[in-house]
Amino acid sequence: MFFKRLIKNKLTVVGAVLITLMALMAILSPWLTTHDPYKMDFKQRLNPPSQDHFLGTDEYGRDVYSRIVLGSTVAMRVGFFSVSLSLILGVLLGLFSGYYGGWTDSIIMRIMDAVVTFPTLLLAIGIMAVLGPGLINLMIAIGVVYTPRFARVVRSSVLSIREKEYIEAARVTGCNNFSIIFQHILPNCWPPVIILSTINFGYAILWEAALSYLGLGAPPPTPSWGSVLSEGKDFMVIAPWLTTFPGIAIAFVVLGLNLFGDGLRDVLDPRLKE
Amino acid sequence: MRVYVIKRILTIVPVILLVSLIVFLLIHFIPGDPALVFVGEDAAPGEVERIRFEMGLDQPLYIQFGTWLAMVVRGDFGESIIYQRPVIDLIWERLPVTLSFGFFSMLISLMIAIPSGILAAANQNTYKDYFFTFIAVLGISIPGFWLALMFIFTFSLKLGWLPAIGYIPLTQDFWGGVECLILPSTAHAMLTAAIVARMLRSSMLEVLRQDFITTARGKGLPERWVIYKHALKNAFAPTLTVIGFQIGAVIGGSIIFETIFTLPGIGQMIYTAIGDRDYPVVQGCLLVIAFSFVLVNLVVDLLYSYFDPRITYER
């Protein structure tokens with residue numbers, strides 16, 4: 001039923017296909033690469049796309065196609081870890097904030113408001129300045145920046161769920177706060193969290209690229225899409241394939257996640273039902 | 001109404017205090033000793049301690065925060081380590097660049113977003129709708145800086161229509177300045193336009209489903225009137241909130257777009273300041289950006305209550 005409604009929308013199907021392709025690319029990357037993504041070959045510098053190098057070579061003669069294929073694993077990692085971080089933090093904060101209300105709620109939500117006040121990129125850069133550059137710190141920064149969104153969404157779900165009769169029933173039968181929060185409220189908060197996770201997975205990949213462009217991302221020679229792109233920016237005139245292809249890879253994956261997230265929202269969010 | 005306005009204005013006080021605390025702590029926890037940065041690596045042995053004492057860095061953290069906050073309230077953001085000038089002056093010099101970039105970017109994005117959002121909603125589930133919806137999703141999926149690079153490649157390097165980098169103040173040479181701003185503003189506007197158009201479409205659809213629209217149609221109003229006069233006016237309030245958020249995003253985006261197009265604005269300054277470890281500048285810029293975002297949201301919320309007066313009774 002759920003699945004049928006989901007695939008009714010053609011754009012959602014396109015999104016699902018793009019996500020599947022990306023996942024397959026990451027899982028099968030050892031077999032899909034045609035060259036060693038790290039191997040430099042100075043005789044083959046900045047070659048245009050050809051039969052041997054599908055997407056050309058970079059300034060060190062590395063195969064761009066193989067680097068982009070391997071880059072999909074980096075993108076998956078960035079998306080997965082930063083979304084997990086903001087999901088865990090945000091869901092916990094949202095649960096406590098919504099359930100206990102009062103001062104707990106005010107303090108948590110005012111802090112979330114203050115965090116949201118900073119533009120995404122700026123706060124991420126600020127956190128990176130404290131933690132130092134690198135892929136792990138980048139994932140932490142993106143995770144922290146997106147925490148308030150999860151907290152807000154979960155909090156507003158909790159506010160309506162905690163007034164339901166089954167919560168009252170649970171309390172009467174002697175459940176403590178802990179078990180009410182995690183066994184009775186949490187399972188009913190998932191729909192908006194799933195939608196948000198899908199869409200934020202894409203944003204995490206976008207911000208990884210932007211931060212790598214600013215030189216704060218994965219250190220060389222890690223072939224993240226953002227770093228492949230930014231390494232190519234100085235050769236844009238003589239080797240435009242270096243900047244074009246990683247950008248297209250990012251756009252396709254994020255597009256897939258957004259389309260799929262939109263489809264999920266239409267099906268899961270009852271307010272938007274026809 | 002007046003109670004609501006006063007209440008809403010008062011809510012920004014704790015937010016501003018918290019924002020200041022976050023900025024202060026962020027800068028405080030950045031590795032590296034500001035006193036050492038100030039005197040340089042090869043300073044005399046006692047010099048670092050003297051500067052640390054002078055800058056008040058030997059005081060407990062809450063006293064440092066208090067002193068700093070008192071300075072900020074008076075508009076004193078300290079002095080730049082690199083430029084040796086007051087940070088507030090540096091910010092004033094660069095603000096016009098960022099503001100004109102932001103203005104053009106918002107202008108272009110609204111010019112794209114409002115018509116396409118309306119068109120998509122008015123033709124729901126037709127090919128027009130699918131087309132605009134798809135373009136809008138594409139717009140939020142493309143990395144903005146990549147689009148900027150592609151713009152430079154196509155319109156400056158290949159076609160030679162517009163300058164790739166540089167900046168001319170609008171007051172000095174208006175059209176020359178506009179030429180410099182077209183590419184960065186358009187590249188940034190694509191994302192904003194997509195977000196605003198999506199929001200406008202969904203709130204238009206929600207409004208179009210309501211009874212008063214059926215009434216308006218029923219009494220024989222032309223569809224054009226129903227859409228523009230009745231639906232758009234009611235759908236615009238939620239869209240306004242999103243536009244407010246996007247103004248904040250423009251300031252954030254200025255970091256990356258000003259760096260790519262070498263526009264000498266706040267974004268570029270904060271980026272170089274982070275690299276130079278010029279903390280007073282970073283701190284000042286962060287504060288100015290965050291404060292202006294709080295203010296924009298305040299204005300948006302107050303405007304919102306104008307578009308939708310029910311808001312003022314609810315709280």
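Across the stretch A:229-250, the qualifying residues are those that are facing another protein chain (nearest Cβ under 7 Å) and not in a helix (DSSP H, G or I), and the one among them that is surrounded by the fewest Cβ atoms within 10 Å (Cβ to Cβ) is A:Val237. Mind checking which residues of the stretch B:248-265 are buried (at least 21 other Cβ atoms within 10 Å of the Cβ) and either of a type in the set (Ser, Thr, Tyr) or more than 10 Å from chain A (Cβ to nearest Cβ) (or both)? Matches in the stretch B:248-265: B:Ser254, B:Phe257, B:Glu258, B:Phe261, B:Leu263, B:Gly265. Of the helices (runs of 4 or more DSSP H) lying entirely inside the stretch B:169-260, the ones with 1 or more residues being modelled with pLDDT of 80 or more and within 17 Å of the chain's Cα centre (by Cα) are found at B:174-208, B:232-260. Residue under question is A:Tyr60, and the condition is that it be surrounded by 14 or more Cβ atoms within 10 Å (Cβ to Cβ) and at pLDDT 75 or above; does it hold? Spelling it out, it is not the case that A:Tyr60 is surrounded by 14 or more Cβ atoms within 10 Å (Cβ to Cβ) and at pLDDT 75 or above. Within the stretch B:77-105, the set of residues being among the β-branched types (Val, Ile, Thr) and over 17 Å from B:Tyr167 (Cβ atoms) comprises B:Ile81, B:Ile82, B:Val87, B:Ile88. For the stretch B:275-296, a tally of residues being over 18 Å from B:Trp68 (Cβ atoms) and either of a type in the set (Asp, Glu) or modelled with pLDDT under 80 (or both) returns 2.
Taking the conditions (1) more than 9 Å from every other protein chain (Cβ to nearest Cβ); (2) closer than 20 Å to A:Phe54 by Cα; (3) of a type in the set (A, V, I, L, M); (4) not in a helix (DSSP H, G or I) in turn, A:Ala218 satisfies each one other than (2). Can you find even one residue in the stretch A:87-98 that is over 25 Å from B:Leu26 (Cβ atoms) and either at pLDDT 85 or above or surrounded by fewer than 16 Cβ atoms within 10 Å (Cβ to Cβ) (or both)? Yes, the stretch A:87-98 contains a residue that is over 25 Å from B:Leu26 (Cβ atoms) and either at pLDDT 85 or above or surrounded by fewer than 16 Cβ atoms within 10 Å (Cβ to Cβ) (or both). Give me the residue from the stretch B:113-142 that is without any contact (Cβ under 8 Å) to a residue 60 or more places away in the chain and not in a helix (DSSP H, G or I) and, out of that set, nearest to the other protein chains (Cβ to nearest Cβ). Filtering first and then ranking leaves B:Ile142. In the stretch B:103-113 there is at least one residue that is closer than 28 Å to B:Gly275 by Cβ and hydrophobic (A, V, I, L, M, F, W, C). In this structure, does A:Ser157 turn out to be away from chain B (no Cβ under 14 Å), touching a residue at least 12 places away in the same chain (Cβ under 8 Å) and surrounded by fewer than 20 Cβ atoms within 10 Å (Cβ to Cβ)? Answer is no for this residue. Considering only residues in the stretch A:110-159 that are in contact with a Gly (Cβ under 9 Å, 6 or more places away or on another chain) and among the polar types (S, T, N, Q), the one that is modelled with the lowest pLDDT turns out to be A:Thr117.
Residues that are more than 13 Å from chain B (Cβ to nearest Cβ), among the aliphatic types (A, V, I, L, M) and touching a residue at least 12 places away in the same chain (Cβ under 8 Å) were ranked within the stretch A:86-117; the one that is nearest to A:Leu196 (Cα to Cα) is A:Leu87. All of (1) surrounded by fewer than 19 Cβ atoms within 10 Å (Cβ to Cβ); (2) more than 25 Å from the chain's Cα centre (by Cα) hold for A:Ile181 with one exception: (1).
The values are calculated or read from the model by the stated rules, or taken from the named source; none is laboratory data. The structure presented is a predicted model; accordingly, all values stated were derived computationally and were not measured. All Cβ positions, even for glycine, are placed from backbone atoms using ideal geometry, and neighbour counts span all protein chains on display.
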